[in-house]
Amino acid sequence: MEPPTSKLFEATAMPDRDWWQALWPDPKRVLEDIGVVAGMHVVDLCCGDGYFTAPLGQLVADGTVLAVELSADMMAAAHTEVEVATLGNVTFIQDDAMKLAELVPDPVDLVLIANTFHGAPDHTGLARAVRATLRDDGIFVVINWWPRPREETAVLGKPRGPRFELRFSPEQVAAWVEPAGFRLREVKEVGPYHYGAIFDVAVGRDQ
């Protein structure tokens with residue numbers, strides 16, 4: 001049962017595992033590409049069913065992963081993924097991503113949000129919550145679908161992903177995120193239809 005005062009972000013339900021695995025055959029490689037390394041303390045924001053959570057736990061090794069997810073069903077699935085991987089460095093919190101600043105006890109090195117930022121009710125507000133959790137040399141990574149029509153993003157023979165009006169360019173994402181105290185450092189291809197927008201903390205900017 002979901003917390004009564006919160007709701008899931010728009011158009012962010014987890015897809016079927018068959019085509020998700022076809023789209024992301026090597027999630028650990030994606031995480032390495034966006035800068036995840038051993039020893040990091042990471043937040044997997046809106047972790048869903050744990051598709052990236054377990055690989056995060058493996059990559060950070062003696063670091064830690066805090067997985068935040070609103071849906072009880074998705075969190076249960078993520079728990080299973082982590083248990084199968086026999087990881088002891090992942091902590092789960094079932095709560096609203098917009099409350100992130102209240103949920104993270106100590107500053108972290110990296111916050112990842114994959115395939116969910118598009119559905120946030122207040123993109124800049126969410127970025128501010130992320131900024132409040134990061135160290136001054138921290139990184140915020142947004143993985144999004146490129147703004148292409150669904151008909152052009154087929155996986156296993158069917159159009160996939162959110163509707164076109166919820167697919168935002170890196171420039172639009174930066175327009176929302178940078179006012180929260182970030183600077184867009186790099187945009188990386190992280191799949192056939194996705195990019196990773198990598199933001200550094202802009203120390204000294206108004207937030």
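The numbers here are math on the coordinates, done by the rules we state, and not lab data. Computed from a predicted structure; not experimentally measured. Every residue, glycine among them, receives a Cβ derived from its backbone with ideal geometry; neighbour counts consider all protein chains shown.
Just checking, how many residues over segment 130-162 are charged (D, E, K, R) and either in contact with a Pro (Cβ under 6 Å, 6 or more places away or on another chain) or more than 29 Å from residue 42 (Cα to Cα) (or both)?
Within segment 130-162, residues that are charged (D, E, K, R) and either in contact with a Pro (Cβ under 6 Å, 6 or more places away or on another chain) or more than 29 Å from residue 42 (Cα to Cα) (or both) number 6.
Tally the residues that are touching a residue at least 24 places away in the same chain (Cβ under 8 Å), within 19 Å of residue 123 (Cα to Cα) and not in a loop (DSSP other than H, G, I, E, B), restricting the search to segment 186-204.
Residues meeting the conditions: 8.
Go through segment 44-96 residue by residue and tally those that are among the polar types (S, T, N, Q) and in contact with a Gly (Cβ under 6 Å, 6 or more places away or on another chain).
1
Looking at segment 157-171, can you tell me whether even one residue there is without any contact (Cβ under 8 Å) to a residue 24 or more places away in the chain, closer than 28 Å to residue 108 by Cα and either hydroxyl-bearing (Ser, Thr, Tyr) or out of contact with any Gly (no Cβ under 9 Å at 6 or more places or on another chain) (or both)?
yes
Could you pull out the residue among 88, 39, 57 that is loosely packed, with under 15 Cβ neighbours inside 10 Å, within 20 Å of residue 103 (Cα to Cα), out of contact with any Pro (no Cβ under 7 Å at 6 or more places or on another chain) and of a type outside the set (A, V, I, L, M, F, W, C)?
88
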